[in-house]
Amino acid sequence: MLKKEGFNVTEGICNMPTAVLGEYGDSGPIIAILGEFDALPGLSQVAGIAEHKPIENAGNGHGCGHNLLGAASLLAATAVKDWIEKNNIKARIRYYGCPAEEGGAAKTYMARDGIFDNVDTAICWHPATFNSVNKPVSLANTRIDFTFFGKAAHAATAPHLGRSALDAVELMNVGVNYMREHMPDSARIHYAYMDVGGNAANVVQSKTTIRHLIRASNLIELRGLVDRVYKIADGAALMTETKVEKNVYSGVSNLLGNKTLEQVMQSEFDKLGPVIFDENDKVFANEIRSTLTESDILDSFQRIGIETPLDMPLCDFVAPLDSLGNGGIGSTDVGDVSWVVPTVQARIATCAVGTPFHTWQTVAQGKAPAAHKGMVHAAKIMASTASALIKDPSKLKEAKNTYDEQVSKNPYICPIPEEVFPPIINNKF
Ligand SMILES: [Zn+2]
């Protein structure tokens, strides 16, 4: 599509076969529009119905609306390209196709490798149950695989000769559980067993792998927590006479805000207003809402700090810029882009108020007419923000000054170590 639209296309960015860069224009400021398109495992779901019905067991589903995300960003980049072309404007527009946001952290590798280096501003969006300029708050995180190596033995005849790697991961989890009481409130640690060492209870398991996902409000806090988890892993290895290997799998930074860009985007948002939905959209939204709890619905606007009305099937307003969020914070690899270039994002209503993301209800609404209306609206917000910035270079400069001030005090240190490459190269899938 980028080629068809006349962009210069580079494929396989950072050796990721599905990462793509399209550029149009040969001089002037560079505006980047970021697209994502990945899905989530285990969320296969038939579209357009209000009941849980997978298409295939354990299949993938667009539980975070990234199908809409990537497409709206492409539409926005194309609209800006058409505007530049038609009016002979000195500006360059880029579309960054960024795979594997859900845990793969493609943008972090792209930020580390300087792919955003000469960009003036990056613009992005995310599907939501509400309309707002994104609150620049997200958690830094890292996924680290801990592999324990013990010694296999017959569990009945020679248990004294075995050293259990399974015991080691269990003790590590106990240690992390005790650590949780002594972490900052916003920090989170999640885990998944990647390899339990086998299913024979009569064998002392000799090799196990556990993945810990550590989240913190910023990179400094994150590095502190990672050091503590490393000590717990070393302790578990010491206790069980096993060895432990630590491999960083991915990492993302917290988002840096940029008031100038947020004000420009808010002004475009206020001009365009909320997404306009019709009666049919509201009927389907209410069907979906009948599968949700009241708590799901009441939590829906917590990111914008507005009390959720129980009788609003689809969001019909644009949140003011100064509304204060009170929770609902996750992580995103857009965070790393915001550390290397001034960045702004929108949240646009694409689904029923109350819809929890990463659930079948999000997938079920993923290609409904309401979702497509939100998607086109998102493209308009991003494209008009880009053109407003191109028309007023003083805003681009102001945004850059704010960014320079932030990173001069606290420079970017990529959370993925230099020796780690996208897992597709390490062949870890
Ligand atoms: Zn998402």
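The values are calculated or read from the model by the stated rules, or taken from the named source; none is laboratory data. Here the structure is a predicted model, which is why all the values come from computation and not from measurement. Don't worry about glycine lacking a Cβ; one is built from the backbone with ideal geometry, like all the others, and counts go over all protein chains shown. For the accessible areas, the whole protein counts, side chains as well, though only heavy atoms, and no ligand, DNA or RNA atoms are used. Shrake-Rupley method; radii C 1.70, N 1.55, O 1.52, S 1.80 Å.
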Quick one: in the stretch 306-315, of everything that is of a type outside the set (Ser, Thr, Tyr) and surrounded by 17 or more Cβ atoms within 10 Å (Cβ to Cβ), which residue is modelled with the lowest pLDDT?
306
Output for the stretch 149-169, where each listed residue is without any contact (Cβ under 8 Å) to a residue 60 or more places away in the chain and either among the β-branched types (Val, Ile, Thr) or assigned to a helix (DSSP H, G or I) (or both)
157, 159, 160, 161, 166
Subset of the stretch 263-281, residues of a type in the set (Gly, Ala, Ser) and outside any helix (DSSP H, G or I), comes to 273
Residue selected from the stretch 168-195 under the condition of a type in the set (Val, Ile, Thr) and surrounded by 15 or more Cβ atoms within 10 Å (Cβ to Cβ), by the criterion farthest from the chain's Cα centre (by Cα)
169
Which pairs have Cβ atoms under 7 Å, sit 6 or more apart or on different chains, and link a residue in the stretch 278-306 that is without any contact (Cβ under 8 Å) to a residue 24 or more places away in the chain and over 18 Å from residue 366 (Cβ atoms) to one that is open to solvent by 80 Å² or more (accessible area, probe 1.4 Å) and among the small types (Gly, Ala, Ser)?
none
Can you name the residue in the stretch 391-409 that is outside any loop (DSSP other than H, G, I, E, B) and over 25 Å from residue 335 (Cβ atoms) and, of all such residues, is most open to solvent (accessible area, probe 1.4 Å)?
391
Does residue 376 satisfy the condition of being among the hydrophobic types (A, V, I, L, M, F, W, C), within 19 Å of residue 47 (Cβ to Cβ), in a helix (DSSP H, G or I) and out of contact with any helix residue (DSSP H, G or I) (no Cβ under 9 Å at 6 or more places or on another chain)?
no
Among the residues of the stretch 89-105, are any touching a residue at least 12 places away in the same chain (Cβ under 8 Å), within 16 Å of the ligand (Cβ to nearest atom), open to solvent by less than 50 Å² (accessible area, probe 1.4 Å) and under 14 Å from residue 31 (Cβ atoms)?
yes
Only one of 383, 379, 370, 399 is under 20 Å from the mean Cα position of the chain (by Cα) and under 30 Å from residue 83 (Cα atoms). Can you tell me which?
379
Here are some conditions: (1) within 16 Å of the ligand (Cβ to nearest atom); (2) at pLDDT below 95; (3) more than 30 Å from residue 396 (Cα to Cα). Residue 302 meets all but one. Which one does it not meet?
(1)
So which pairs qualify, if the first residue must be in the stretch 350-378 and free of Cβ contacts under 8 Å to residues at least 24 places away in the same chain, the second must be open to solvent by 40 Å² or more (accessible area, probe 1.4 Å) and within 16 Å of the ligand (Cβ to nearest atom), the Cβ gap must be under 6 Å, and the two must be at least 6 apart or on different chains?
none
Subset tally (residues that are open to solvent by 50 Å² or more (accessible area, probe 1.4 Å) and more than 16 Å from the ligand (Cβ to nearest atom)) for the stretch 25-47
1
Within the stretch 170-197, count every residue that is assigned to a loop (DSSP other than H, G, I, E, B) and either among the hydroxyl-bearing types (Ser, Thr, Tyr) or touching a Leu at 6+ places or on another chain (Cβ under 9 Å) (or both).
6
In the stretch 238-272, what count of residues is obtained for those that are open to solvent by 10 Å² or more (accessible area, probe 1.4 Å) and among the small types (Gly, Ala, Ser)?
2
Residues of the stretch 210-237 being closer than 25 Å to residue 162 by Cα and open to solvent by 30 Å² or more (accessible area, probe 1.4 Å), which ones?
211, 230, 231, 232, 234
The residue from 15, 8 that alone is surrounded by fewer than 19 Cβ atoms within 10 Å (Cβ to Cβ), more than 16 Å from the ligand (Cβ to nearest atom) and at positive phi is 15
Selection count where residues are away from the ligand (no atom under 13 Å from the Cβ) and of a type outside the set (Val, Ile, Thr), scope the stretch 318-338:
11
Residues (within 11 Å of the ligand (Cβ to nearest atom) and open to solvent by 10 Å² or more (accessible area, probe 1.4 Å)) located in the stretch 69-83:
none
Taking the condition of being within 24 Å of residue 76 (Cβ to Cβ) and either open to solvent by 10 Å² or more (accessible area, probe 1.4 Å) or assigned to a loop (DSSP other than H, G, I, E, B) (or both), how many residues in the stretch 324-338 meet it?
4
Within the bounds of the stretch 243-259, is there any residue that is part of a helix (DSSP H, G or I) and hydroxyl-bearing (Ser, Thr, Tyr)?
no
Kindly indicate which of 128, 152, 156, 100 is over 30 Å from residue 379 (Cβ atoms) and in contact with a Ser or Thr (Cβ under 9 Å, 6 or more places away or on another chain).
152
Can you find, within the stretch 339-373, the residue that is most open to solvent (accessible area, probe 1.4 Å) among those that are within 16 Å of the ligand (Cβ to nearest atom) and under 16 Å from residue 265 (Cβ atoms)?
347
